[in-house]
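All of the numbers you see were taken from the coordinates with simple rules; none came from a lab. The structure presented is a predicted model; accordingly, all values stated were derived computationally and were not measured. Please note: Cβ atoms are built from the backbone with ideal geometry, for glycine as well, and neighbour counts cover all protein chains shown.
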Amino acid sequence: MNPKMKKDLERLFSEVSDNYELVNHVLTFGLDIYWRRKAAREAAKAGGSLWLDVCSGTGEMAQYLSRQADKQVRIVSADFCLPMMSKALEKFSATQILFSLSKANALPFPDHTFDLVTISFATRNINPRRDILLDTLREFWRVLRTGGRFVNLETSQPSAKLFRKLLHLYARLVVKPVGSFLSGSPAGYAYLSSTIPRFYPPEEFSLILKQAGFGSVFFRPLLFGVSAIHTAIKETES
Ligand SMILES: C[S@@+](CC[C@H](N)C(=O)[O-])C[C@H]1O[C@@H](n2cnc3c(N)ncnc32)[C@H](O)[C@@H]1O
């Protein structure tokens with residue numbers, strides 16, 4: 001991602017940070033809460049002691065992870081947008097979670113550090129091009145220890161044509177105007193809604209995860225495939 005594109009994206013996310021969670025709940029009729037909890041339960045199967053939530057935003061996913069985590073688990077919440085991160089900072093006590101202001105494709109951690117890496121509703125934003133997405137997924141793979149787990153919650157493409165069409169219409173006719181109105185950021189929701197139809201069908205995203213180095217990959221469609229949870233395991237060292 002070139003520096004200008006990164007700055008533009010950071011500005012967009014800063015603009016939507018104030019009531020980002022509320023807008024999500026309204027636009028998904030609260031389903032995003034249920035999906036995050038489900039993804040957190042799937043993620044917690046990783047066990048271990050060090051978890052990373054990338055593109056963590058206001059820290060909602062990190063919060064659900066912390067509820068699933070055993071006492072010994074430390075969670076790191078990483079994002080490149082300070083206004084989003086400050087919302088997350090309000091949620092946690094100083095000891096609960098560690099914060100890292102960092103870019104998803106250049107994480108400041110050594111190889112083989114984490115037992116778990118999660119990302120929610122952000123993968124489609126790091127997908128302006130397939131090669132950039134692939135590089136970023138390789139970065140997640142790099143910081144995972146062997147046997148570690150990557151869990152991705154994202155909007156998806158329903159396999160039934162009718163549902164797919166309805167989802168794309170909903171993104172254009174509801175997410176964009178309603179999100180713009182509620183957040184006060186037309187540019188933010190023009191961008192966020194435009195990335196929904198552009199994201200991959202779940203089978204294709206599974207292949208991209210394999211291309212990034214993950215061994216076994218499986219996914220669970222949610223609400224007829226409107227969203228999906230992908231789980232990918234790092235099976236080998238290289
Ligand atoms: C749509 S929000 C999702 C936030 C959160 N994961 C959730 O489930 O609500 C996308 C987040 O990803 C962050 N982000 C986008 N691209 C990023 C990148 N390349 N590196 C780090 N953070 C990024 C944004 O700052 C924003 O907080």
Here the gain from full extension of K7 to E204, 0.36 nm per residue of separation minus their alpha-carbon distance, amounts to 68.0 nm
Sorted on mean Cβ neighbours within 10 Å (highest first), peptides 102-108, 12-18 come out as 12-18, 102-108
antiparallel share of DSSP beta bridges within the range 3-233, to nearest 5, in %, is 40
Q211 and V26 label points (each 7 Å along its Cα→Cβ direction) are spaced in nm at 3.8
For the range 1-92 the trypsin sites (Lys or Arg not before Pro) that pass both the DSSP coil test and the at-most-12 other-Cβ-within-10 Å test are K45, K71
Between the modelled labels at R172 and L134 (7 Å from Cα along Cα→Cβ) the distance in nm is 3.0
In terms of the alpha carbon gyration tensor, root eigenvalues a ≥ b ≥ c, rounded if a/c is under 1.5 and otherwise prolate when a/b exceeds b/c or oblate, the range 1-118 is oblate
Taking the alpha-carbon centre of each part, the distance from the range 108-140 to the range 34-50 in Å is 17
Comparing A69, A160, A190 in a Gaussian network model of the chain (Cα, 10 Å), the one with the largest mean-square fluctuation is A160
